[in-house]
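Written out below as structure tokens is the structure these notes cover.
The values are calculated or read from the model by the stated rules, or taken from the named source; none is laboratory data. No experiment lies behind these values; they were computed from the predicted model shown. No Cβ is skipped: glycine too gets one built from the backbone with ideal geometry, and neighbour counts run over all protein chains shown.
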Amino acid sequence: MNYKILCLALAFLSGSSPAQTAGEIIAKVDENLSARNRVTESAMTIHGRRGSRTLTAKSYAEGTRKAFTEYLSPAAEQGTKMLKLEGQLWIYSPGTDRTVQISGHLLRQSMMGSDLSYEDMMDDRKLTEIYDAAITGEESIDGRPTWILELTARVTDAAYPKQKIWVDRERYIPLRQELYARSGKLLKTALLTDVQQIAGRWYPMKMLYKDMLRQGKGTEFLTKKIAFDQAIPEWIFSKAALKQ
Amino acid sequence: MIRFLLKGILHDRHRSLMPIIVITTGVALTVLAHAWIQGVMGEAYTMSAHFATGHLKVMTRAYAEDQAQMPVDLALTGTGEMVEQLAAEMPEIDWAPRIRFGGLIDFPDSAGETRAQGPVAGYAIDLLSPDAREPGRFNLPQALHSGRMPRDEREALITHDFAEKFAVRPGDSFTFFGSTMEGSLAFHNFTVAGTVRFGSEVLDHGAIIIDLAAGRQTLAMQDAAGEILGFFRNGRFDRQVSQQFADRFNSGRPPGADEFAPVMITMRDQEGMAQLIDYTNAIGTIMVMIFVLAMSVVLWNTGLIGGLRRHGEFGVRLALGEEKSHIYKTLIYEALLIGLTGSVTGTLLGLGLAWYLQVVGLDIGNAMKASTMMMPSVVRTQISATDYWIGFIPGLLSMTLGNALSGIRIYKRSTARLFKELEA
């Protein structure tokens, strides 16, 4: 009797139902990370082999299919813009006044020398749209209890056919991610920290990505400001916006 | 006596014609095989040295570990001072900073939108200095297929096959897109000055050549270069001297924690070149040796048959009172004369064929389409000093030895039984 009460109390304290399925967990993760639209100001610090450099940018995203980013600093990158529309990516360079479309294997190349690829930045689909999930264990990260979920892609065009994520049991945010190739080789890791509640949802404001195939100390992605469900003018997501 | 023997050889065609034809053929093939192996290997080495390895190369330790990936982010810095220092310390070597890089070139349509694009390997080399030697190393004046050489930093050469694939002509513009030394996006507009065809499938597949200054500007590599290549001024790779230079340079820079410290390596120590050079040399030597041995056996056999065929003649000569040693000596002299004649004609024929293939070459482009090895698509023979004497080994020695061996029977013949043999 005492044991049952203890279990119920723990379940209540952890804020989760003991019968929760893996599918339900990643659906709740999607609720936190995905939005109708969002406007973000970010700073990306790339810790390369020769030193570190920081890029700041302002991004607009509409659902999972449209995104626009303008780089604000440093001077070498200022005015560079990227537009994602329905799986296609264009980059505008103010220095050459040219818009170049990135496609094919180039999407898997490092973006701006970071540990993220263009594909990483483009693939904003919800986890539930891409993966089947299974709970494989539990672990505590920085004192926070997590579920360990193994995600297996059920679509053929997933950037990472397998993922392992450690989901905060209370806030439904991944605190750690391991991204694998189909062969099982670990390609990238991500640590998500500084989780804040914004407009009723939890969101990791700091992410540290590490491409395991590159030398270097990883790329820090810091969300300085984020606003959800804003009124973003439609022209932002057009090729004309690149040259403006 | 030689004139007498020569008359005998010329009058008795059974004694001379067939052996001379066999020797000529064998010697010609030996000379041609040797010149062929020398030519193919020589061209491959020269091309590798000029395009990729140099006779010596200076780069950072980190770059050296990963140089196949053309990692501009691991490039050498302070190259101006370093080249001056190298030139002062090793005046026998001509030093050439280069940037090898990868990226994408994008050809716009009339609206400036992407019309076509493809991945390229880029070479930023000194094209525009008044005394630039790099165009010669890349054989650019001869490789130019259309257009002209670049006249300023905004112009580039692209490989002809690549240009044809994307319907690009001299005068068209394109945007290079890649990564700078610090990892930023590299965008730069160029105009196609001309198209080149190197005759190597690996290079012709897709490459651009721009001036070093343009490369530095595009890739944000001021006073930096991926690698500094050193070439012996006489054009010949000297293994010992280059190793001494490399050891001297590296001794002042012991291996340590600094992955961006410069390191010098010789051509032999680059990209598996040592194994390649040793392997191909060994294979080349073995091939020539097998050929020489095979020809020696054939010619020896010719000598033996010639000696045996003249069994009756020797009997008559012995019966007439000629000394055994004299018969044996004349046999050897005759063999020497036949061998010499065959070797000379065979060497001349072999050299002629080798010269033809040296001038015209043999197109192996179709066979090399899938190859990633830096090989010319037209291979040529290379006539060297060895070709003037190598054919004499099988031609002269084996013929003489064959006859000498068969001639031993002369000494075993009994004068008392000669008439019985002759009656039979």
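A few remarks follow.
- The range B:104-160 - residue that is of a type in the set (D, E) and under 30 Å from B:N234 (Cβ atoms) and, of those, nearest to the other protein chains (Cβ to nearest Cβ): B:D126
- Residue in the range B:60-73 that is among the small types (G, A, S) and within 30 Å of B:V168 (Cα to Cα) present: yes
- Test: A:N32 is more than 24 Å from the chain's Cα centre (by Cα), at pLDDT below 95 and at negative phi: no
- The listed residue being closer than 18 Å to A:T40 by Cβ and among the acidic types (D, E), out of A:E129, A:E86, A:E139, A:E62: A:E62
Yes/no matrix, rows are residues, columns are (1) buried (at least 22 other Cβ atoms within 10 Å of the Cβ); (2) in a loop (DSSP other than H, G, I, E, B):
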| site | (1), (2) |
| --- | --- |
| B:L128 | no, yes |
| B:P135 | no, no |
| B:Q142 | no, no |
| B:M149 | no, yes |
| B:I158 | yes, no |
| B:A167 | no, yes |
| B:E182 | no, yes |
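- Here A:M205 passes the criteria (1) under 12 Å from the mean Cα position of the chain (by Cα); (2) crowded, with 19+ Cβ neighbours inside 10 Å; (3) away from chain B (no Cβ under 14 Å) except the one numbered (2).
- Identity of the residue in the range B:209-225, touching a helix residue (DSSP H, G or I) at 6+ places or on another chain (Cβ under 8 Å) and either part of a strand (DSSP E or B) or within 14 Å of chain A (Cβ to nearest Cβ) (or both), that ends up nearest to B:Q243 (Cα to Cα): B:A225
- Total residues in the range B:126-147, condition over 20 Å from the mean Cα position of the chain (by Cα) and among the basic types (K, R): 1
- Screening the candidates B:T400, B:T341, B:T347, B:T381 for the property of being farther than 24 Å from B:I9 by Cα, assigned by TED's automatic domain parsing to the domain that holds B:V316 and modelled with pLDDT of 75 or more yields one hit, B:T381.
- Strands (runs of 3 or more DSSP E) contained entirely in the range A:83-179, each with at least 1 residues that are away from every other protein chain (no Cβ under 14 Å) and of a type in the set (S, T, Y): A:131-141, A:144-153
- The residue list B:A44, B:A68, B:A52 contains one member that is part of a helix (DSSP H, G or I) and crowded, with 20+ Cβ neighbours inside 10 Å, which is B:A52.
- Among the candidates A:E77, A:E70, the residue that is under 24 Å from B:L74 (Cβ atoms) and among the charged types (D, E, K, R) is uniquely A:E77.
- The single residue among B:M82, B:M59 that is under 10 Å from B:P262 (Cα atoms), hydrophobic (A, V, I, L, M, F, W, C) and assigned to a strand (DSSP E or B) turns out to be B:M59.
- Of the residues A:I102, A:I91, the single one that is surrounded by 20 or more Cβ atoms within 10 Å (Cβ to Cβ), at pLDDT below 90 and more than 18 Å from the chain's Cα centre (by Cα) is A:I102.
- Each residue in the range A:31-61 was checked for being of a type in the set (A, V, I, L, M, F, W, C) and over 21 Å from A:T80 (Cβ atoms), and 2 of them qualify.
- Only one of B:L104, B:L32 that is over 25 Å from B:R137 (Cβ atoms), assigned to a strand (DSSP E or B), among the hydrophobic types (A, V, I, L, M, F, W, C) and in contact (Cβ under 8 Å) with a residue 12 or more places away in the chain: B:L104
- Pairing each residue of the range B:318-333 that is assigned by TED's automatic domain parsing to the domain that holds B:K412 with any residue that is surrounded by 13 or more Cβ atoms within 10 Å (Cβ to Cβ) and of a type in the set (S, T, N, Q), provided the two are 6+ apart or on different chains, yields C-beta distances under 9 Å for B:E322/B:T330; B:L331/B:N403; B:L331/B:S406; B:I332/B:T400; B:I332/B:N403.
- Single residue of the range A:58-68 satisfying the filter (in contact with a Phe, Trp or Tyr (Cβ under 6 Å, 6 or more places away or on another chain) and at pLDDT 90 or above) that is nearest to the other protein chains (Cβ to nearest Cβ): A:F68
- A:L187 satisfies every condition listed in (1) closer than 25 Å to A:R38 by Cα; (2) part of a strand (DSSP E or B) except (1).
- Selection within the range A:35-57 - under 19 Å from A:L208 (Cα atoms) and more than 14 Å from chain B (Cβ to nearest Cβ): A:T40, A:E41, A:S42, A:A43
- Among (1) at pLDDT 95 or above; (2) more than 32 Å from the chain's Cα centre (by Cα); (3) crowded, with 23+ Cβ neighbours inside 10 Å, the one test that B:L229 misses: (2)
- Residue in the range B:185-201 that is nearest to A:S110 (Cα to Cα), counting only those that are surrounded by fewer than 21 Cβ atoms within 10 Å (Cβ to Cβ) and within 7 Å of chain A (Cβ to nearest Cβ): B:L185
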